[in-house]
Amino acid sequence: MITELSLSELRGGLRRGELTSAEIVSAFRDAYLADAKKEEPLGAYVEFFDDSVALAERADEARRAGEADAPLLGLPIAVKDNILVKGRALTCASRMLRGFTAPYSSTVIDRLLAAGMIPLGRTNMDEFAMGSSCEYSCYGPARNPADRTRTPGGSSGGSAAAVAGGLAPVALGSETGGSVRLPASFCGLYGLKPSYGSLSRYGLVAFGSSLDQIGLLGRSPEDLAVVFAAAAGRDPRDETSAATDFPAARAVLDGAELPARDFRGLKIAVPREFVPEGLEAEVSAVFDRFVRWARSRGAFVEIIDLPILEASVAIYYILAAAEASSNLARYDGVRYGLRAKEAGTLFEMYERTRSEGFGEEVRRRILIGNFVLSSGYYDAYYKKAQAVRALLLREVARVLAEHELILSPTAPTPAFKLGSKVRDPLAMYLSDVYTTFANLALLPSLSLPAGLSREGLPIGVQLTGRRFAEETLLSCAETWRREGGGG
Amino acid sequence: MSASSLNRTLDGIEYEIVVGCEVHVQLLTKTKAFCACENRFGGIPNSRVCPVCLGLPGALPVVSAALVEGAIITGLALGSRVAEITKFDRKNYVYPDLPKGYQISQYDLPICVGGALEIAEGARAVGITRVHMEEDAGKSLHLEEAANASYVDFNRCGTPLLEIVSEPDMRSPEEAVAFVEGIREIMRYLEISDCNMEEGSLRCDANVNLRIHEGEKLFATPIVEIKNMNSFRAIRAALEFETDRQLAEWRSERLTLEAVGKSTRGFNDETGETVLQRTKEAASDYRYFPEPDLRPIEIGRELVEKLRSRVGELPAAKRERLKAQYGLSDFDAQTLVSSKAMSGYFEEAASGSRDPKKIANWILTEVRGVLNDRGIEITSFASPPEHLRELVDSIESGIISGKIAKDVFAEMAASGKRPSEIIRERGLSQIADEGELRRVVESVIAANEKSVTDYRAGRDHALKYLMGQVMKESRGRANPIAAARLLEERLNGR
């Protein structure tokens, strides 16, 4: 069935003439329409683009006319609702941006469109990417295809639900502190958070600018490599984007196979802090099985002490909230999006617009951010968190000088029940306990599907590498997929 | 100069005025500070905007190299230390003309620190605290015909600005005006800014308070920041008003800086008064933090040295040198130094000239006239400086008269041709050859017997008339001194 194939398989089918782009896109559209009729639909998309089939037909015509030099011509991708696609609505799952149409495309979208890809639709998410369960969405939650009473994770929950639920072959998500890897782990997908700077942030709605990165969700490491290669590269419109070359990923885009990494001699560090005594038994069991597999393939897996990691969630929530409070100041009702009616004065208009437009979690983080930046508290919170971040960068770099990878569970639990944490922000924040350090340290990190719980819930394992070593992560994940991932 | 000599006394209160300035200057760069939009004043509202300067979701700033270079040049001109590493910060506040909800500015690592500006012919120096880079905001428009609505024009949004902060070193309204004038002179001279206060490309806020001396005791009145001073006259008037107001307030309430803190007052141009806008309690907390979208900037010393050579001699020093070296008046020197290009043009034209003062006169009258008429800068003027030198030398050496020189100049300025070429083509060079002049004189005398008789009868005006006829006959080309001598000799029968 088309909707169960990986992007690379679809690509092969198109190349061999066994499939058309219209067939592919129609299959995903039909799956979306069928799902929408269900009693508990996945809620993966907030909008499925009506014209996607027409775009696919145009791609088929180009292919027939022999104009198929775009490497991903006619292949579809789902796009998180915080990445701008020119001419399409964009809301970040917030009432605040109701009615907003993107007047330009993000650089990543521009590059994927140039490579021939077709955006299928906008995927559900936690409002402004703040959340770990996709429940803080003005559209209502997305659901986990493995168990619809559970969360697909967040904030890129819609993207994960779409790929895992057969509504898209691959999807763009975004990360500030684990928003791609956590949903990948909860939904049994491969999820890549690239190094800070690998993908341009231009046209990604900012949350925590020093942490944000567009990420990818897919069914195989190769699928991620292909899309990553098409989107990566220095962007003059983003000063923080890097001029790094990814030749192995580029080769996959050009048609080569993603090489599997030989684990013999591979040095892997497991921070003791990320495998605590109280780690949930099923997560622990899946993780241990992965470690045994890696060792059996010749890797040196060493438990190390990295106590600074215990500070990562705390400093993450200070720094991300601080940057968010500033980044979200622009949503004020003056120029676009929601404007509260019946306000008597300018400041009343601001107040009402922002109270009506933002959900509770976004308001909470704006308040935290303003607090930690305010005079009198700046030194105790923001400044200290910056100092600890610098220390964390150094400590993690020290570990990665000796080890090629840092290995840990992606999340402390499998997907939890919808509604179980939505009233307990601290419990929700702890879903990110293993993921945020990679964002803080600017490193690439990949979650791979490592196994299932007894209830059949996916559990992920996370590989974090040296900065710009995305190809190492993808190749290691490919080894797992070929040798163990299926078992 | 000792501080005590700057003290004033009024009704038995001995006090001194303490003023510090924050000057905002818009840069004359091609693009805005953080996007590719054209940087220009005015225009149809919201016609020069893009996702970046409108602060649309997802847009990111990219710093303009011209902004950084302009800031370095300014710092060098003010004797500042140029930072080796500088960074941008976000200044967070909410206003409809600020589309991101924050201004990209600099907080704790400004690009330039320290320095001084001399005022009063070098008799006093005002310390510079810092120079930093930031972006301008848009403009709110409140139209009379739309009482229930306000509009915002974002064209100005993202215009590159420098904020120049002085030490509280000024002791009178006049010194404050002199300081801002000095900043303007330097910025114009270096072509960093046109510093047009009416268009807002130079804006000044002043912090002012009084130091009250009561015997051995010293009190400070609350500091007031005055905003909205849109002309030099306004700066002076606002500071004078504020001095009087603070003095009266001290007399009646004896409020001190320690007790009250700082407040902000706006100057009302019509009433000539300052009006309270904000007290210390209402002051904004800008929640500065490093701008994560822009990378810290490392400023290489090679760049600084390259830009230092572009700064060269500063206007005050150049003014004095031009006066001494070329014998120019205060006014001429001041006007020539109004821009680096203008003074450069003068010096090139003057070098090797027999009469630099005449060169200055020509530049200040004829050349400036052409520039004004055409609305162009000296850099686009058709004639290079050596052409002007040649023209002035042609007058000095008697090749053409001053009157003909003006015609030659008009053609030079229009065509860019060399003056010698124009003189040759149009046969304008003076007749100095005695034989030729004599023939002209003879023919004039033959044709004007009555005037000759009048002259010999002692009527002097007849000589002027005959001389006029000589010039007419020669189509203006007769060397007037030689011709007059020959005419008189002939009439006097020699």
Query - Criterion (assigned to a helix (DSSP H, G or I), more than 20 Å from residue B:57 (Cα to Cα) and not hydrophobic (A, V, I, L, M, F, W, C)) met by exactly one of A:352, A:365 - result: A:352
Requested in this report: Considering every residue within the range A:193-208, establish whether at least one is surrounded by 24 or more Cβ atoms within 10 Å (Cβ to Cβ) and without any contact (Cβ under 8 Å) to a residue 40 or more places away in the chain.
Outcome: no
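Would you say residue B:234 is among the small types (Gly, Ala, Ser), touching a residue at least 12 places away in the same chain (Cβ under 8 Å) and surrounded by 15 or more Cβ atoms within 10 Å (Cβ to Cβ)? Before the answer, list the steps.
On the way: among the small types (Gly, Ala, Ser): yes; touching a residue at least 12 places away in the same chain (Cβ under 8 Å): yes; surrounded by 15 or more Cβ atoms within 10 Å (Cβ to Cβ): yes.
It is true that residue B:234 is among the small types (Gly, Ala, Ser), touching a residue at least 12 places away in the same chain (Cβ under 8 Å) and surrounded by 15 or more Cβ atoms within 10 Å (Cβ to Cβ).
Is it the case that residue A:263 is out of contact with any Cys (no Cβ under 7 Å at 6 or more places or on another chain), closer than 18 Å to residue A:438 by Cβ and either modelled with pLDDT under 95 or not acidic (Asp, Glu) (or both)? Give the steps one after another, and end with the answer.
On the way: out of contact with any Cys (no Cβ under 7 Å at 6 or more places or on another chain): yes; closer than 18 Å to residue A:438 by Cβ: no; either modelled with pLDDT under 95 or not acidic (Asp, Glu) (or both): yes.
When the stated conditions are applied, residue A:263 does not pass them.
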Requested in this report: Scan the range B:17-54 residue by residue and report those that are modelled with pLDDT under 95 and either in contact with a helix residue (DSSP H, G or I) (Cβ under 8 Å, 6 or more places away or on another chain) or under 30 Å from residue B:218 (Cα atoms) (or both).
Outcome: none
Query raised in the report: Going through the range B:210-228 one residue at a time, which ones are surrounded by fewer than 22 Cβ atoms within 10 Å (Cβ to Cβ) and either within 23 Å of residue B:76 (Cα to Cα) or in contact with a Leu (Cβ under 8 Å, 6 or more places away or on another chain) (or both)?
Result: B:211, B:212, B:220, B:222, B:223
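Could you tell me which residue of the range B:120-129 is nearest to the other protein chains (Cβ to nearest Cβ), considering only residues that are of a type outside the set (Gly, Ala, Ser) and surrounded by fewer than 23 Cβ atoms within 10 Å (Cβ to Cβ)?
As a first pass, look at the range B:120-129 and keep what is of a type outside the set (Gly, Ala, Ser): B:121, B:124, B:126, B:128-129.
Going one step further and asking which of them are surrounded by fewer than 23 Cβ atoms within 10 Å (Cβ to Cβ), we end up with B:121, B:124, B:129.
Details: B:121: 43, B:124: 35, B:129: 20 Å.
Step by step, filter the range B:120-129, then rank; the result is B:129.
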Report task. Taking residue A:407 as meeting all but one of (1) under 20 Å from residue A:154 (Cβ atoms); (2) not in a helix (DSSP H, G or I), write down the number of the exception. Result -> (1)
Report summary line: Over the range A:370-412, the set of residues within 13 Å of chain B (Cβ to nearest Cβ) and touching an Asp or Glu at 6+ places or on another chain (Cβ under 7 Å) is A:374, A:375
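Please find, among A:211, A:199, A:167, A:120, the residue that is over 22 Å from residue A:478 (Cβ atoms) and within 14 Å of another protein chain (Cβ to nearest Cβ).
Details: A:199 fails: over 22 Å from residue A:478 (Cβ atoms); A:167 fails: within 14 Å of another protein chain (Cβ to nearest Cβ); A:120 fails: within 14 Å of another protein chain (Cβ to nearest Cβ).
A:211 is the lone residue from the list that is over 22 Å from residue A:478 (Cβ atoms) and within 14 Å of another protein chain (Cβ to nearest Cβ).
Let's see how each residue does on (1) within 20 Å of the chain's Cα centre (by Cα); (2) among the basic types (Lys, Arg); (3) closer than 20 Å to residue B:116 by Cβ:
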{"residue": "B:150", "(1), (2), (3)": "no, no, no"}
{"residue": "B:155", "(1), (2), (3)": "no, no, no"}
{"residue": "B:158", "(1), (2), (3)": "no, no, no"}
{"residue": "B:166", "(1), (2), (3)": "yes, no, yes"}
{"residue": "B:175", "(1), (2), (3)": "yes, no, yes"}
{"residue": "B:181", "(1), (2), (3)": "yes, no, yes"}
{"residue": "B:185", "(1), (2), (3)": "yes, no, yes"}
{"residue": "B:197", "(1), (2), (3)": "yes, no, no"}
{"residue": "B:217", "(1), (2), (3)": "no, yes, no"}
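Condition first: crowded, with 19+ Cβ neighbours inside 10 Å, away from every other protein chain (no Cβ under 14 Å) and out of contact with any Asp or Glu (no Cβ under 7 Å at 6 or more places or on another chain). Can you find one or more residues in the range B:138-154 that meet it? First the steps, then the outcome.
Applying the first criterion (crowded, with 19+ Cβ neighbours inside 10 Å) to the range B:138-154 yields B:138, B:152-154.
Now restrict to residues that are away from every other protein chain (no Cβ under 14 Å): none.
Checked the range B:138-154: no residue is crowded, with 19+ Cβ neighbours inside 10 Å, away from every other protein chain (no Cβ under 14 Å) and out of contact with any Asp or Glu (no Cβ under 7 Å at 6 or more places or on another chain).
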Requested in this report: Among the residues of the range B:15-57, count how many are out of contact with any Phe, Trp or Tyr (no Cβ under 7 Å at 6 or more places or on another chain), among the aliphatic types (A, V, I, L, M) and within 18 Å of residue A:104 (Cβ to Cβ).
Outcome: 2
Query raised in the report: Among the residues of the range B:1-57, which ones are under 27 Å from the mean Cα position of the chain (by Cα) and either outside any loop (DSSP other than H, G, I, E, B) or not assigned by TED's automatic domain parsing to the domain that holds residue B:216 (or both)?
Result: B:18, B:19, B:20, B:21, B:22, B:23, B:24, B:25, B:26, B:31, B:38
Requested in this report: Read through the list (1) free of Cβ contacts under 8 Å to residues at least 60 places away in the same chain; (2) over 30 Å from residue A:241 (Cα atoms); (3) touching a strand residue (DSSP E or B) at 6+ places or on another chain (Cβ under 8 Å); (4) not polar (S, T, N, Q), then give the number of the only condition that residue A:32 fails.
Outcome: (1)
Query raised in the report: Pairs, please: C-beta under 8 Å, at least 6 apart or cross-chain, first residue within 11 Å of chain A (Cβ to nearest Cβ) and without any contact (Cβ under 8 Å) to a residue 12 or more places away in the chain and in the range B:84-111, second charged (D, E, K, R) and in a loop (DSSP other than H, G, I, E, B)?
Result: B:94/A:332
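Hey, can you tell me all the residues within the range A:283-319 that are polar (S, T, N, Q) and in contact with a Leu (Cβ under 9 Å, 6 or more places away or on another chain)?
We begin by selecting, within the range A:283-319, every residue polar (S, T, N, Q); these are A:284, A:296, A:312.
A:312 - this is the single residue of the range A:283-319 that is polar (S, T, N, Q) and in contact with a Leu (Cβ under 9 Å, 6 or more places away or on another chain).
Considering only residues of the range A:123-138 that are among the hydrophobic types (A, V, I, L, M, F, W, C) and assigned to a loop (DSSP other than H, G, I, E, B), which is farthest from the other protein chains (Cβ to nearest Cβ)? Give the derivation first.
Initially, the range A:123-138 is screened for residues among the hydrophobic types (A, V, I, L, M, F, W, C), giving A:125, A:128-130, A:134, A:138.
From the residues that got through so far, the ones that are assigned to a loop (DSSP other than H, G, I, E, B) too are A:125, A:130, A:134, A:138.
Values: A:125: 14, A:130: 15, A:134: 20, A:138: 16 Å.
Top of the filtered list is A:134.
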Report task. Return the only residue of A:298, A:278 being out of contact with any strand residue (DSSP E or B) (no Cβ under 7 Å at 6 or more places or on another chain), on the phi > 0 side of the Ramachandran plot and not in a strand (DSSP E or B). Result -> A:298
Query raised in the report: Which numbered condition trips up residue B:286, out of (1) surrounded by 20 or more Cβ atoms within 10 Å (Cβ to Cβ); (2) in the same structural domain as residue B:75 (by TED's automatic domain parsing)?
Result: (1)
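Being within 13 Å of chain B (Cβ to nearest Cβ) and assigned to a loop (DSSP other than H, G, I, E, B) is the filter here; which residues of the range A:100-116 pass it?
Here is the first cut: in the range A:100-116, the ones within 13 Å of chain B (Cβ to nearest Cβ) are A:100-110.
Hits for the range A:100-116 are A:100, A:102, A:103, A:104, A:105, A:106.
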Report summary line: residue B:47 fails exactly one of (1) more than 22 Å from residue B:299 (Cβ to Cβ); (2) crowded, with 17+ Cβ neighbours inside 10 Å, namely (2)
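Just to check your reading of the model, which residue among B:199, B:214, B:163, B:175 is touching a residue at least 24 places away in the same chain (Cβ under 8 Å), in contact with a His (Cβ under 6 Å, 6 or more places away or on another chain) and acidic (Asp, Glu)? Steps first, answer last, please.
Values: B:199 fails: in contact with a His (Cβ under 6 Å, 6 or more places away or on another chain); B:214 fails: in contact with a His (Cβ under 6 Å, 6 or more places away or on another chain); B:175 fails: in contact with a His (Cβ under 6 Å, 6 or more places away or on another chain).
Result: B:163 is the single residue among B:199, B:214, B:163, B:175 that is touching a residue at least 24 places away in the same chain (Cβ under 8 Å), in contact with a His (Cβ under 6 Å, 6 or more places away or on another chain) and acidic (Asp, Glu).
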Query raised in the report: So is residue A:323 modelled with pLDDT of 95 or more and surrounded by fewer than 22 Cβ atoms within 10 Å (Cβ to Cβ) or not?
Result: no
Requested in this report: Would you confirm whether any residue within the range A:30-41 is within 14 Å of chain B (Cβ to nearest Cβ) and either crowded, with 18+ Cβ neighbours inside 10 Å or within 30 Å of residue B:55 (Cβ to Cβ) (or both)?
Outcome: no
Query - Given (1) assigned to a loop (DSSP other than H, G, I, E, B); (2) in contact (Cβ under 8 Å) with a residue 60 or more places away in the chain; (3) not β-branched (Val, Ile, Thr), number of the condition residue B:147 does not satisfy - result: (2)
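The values are calculated or read from the model by the stated rules, or taken from the named source; none is laboratory data. Predicted, not measured: the structure shown is a model, and the values here were computed from it. Because the Cβ atoms are built from the backbone with ideal geometry, glycine has one as well, and the counts that use them run over all protein chains shown.
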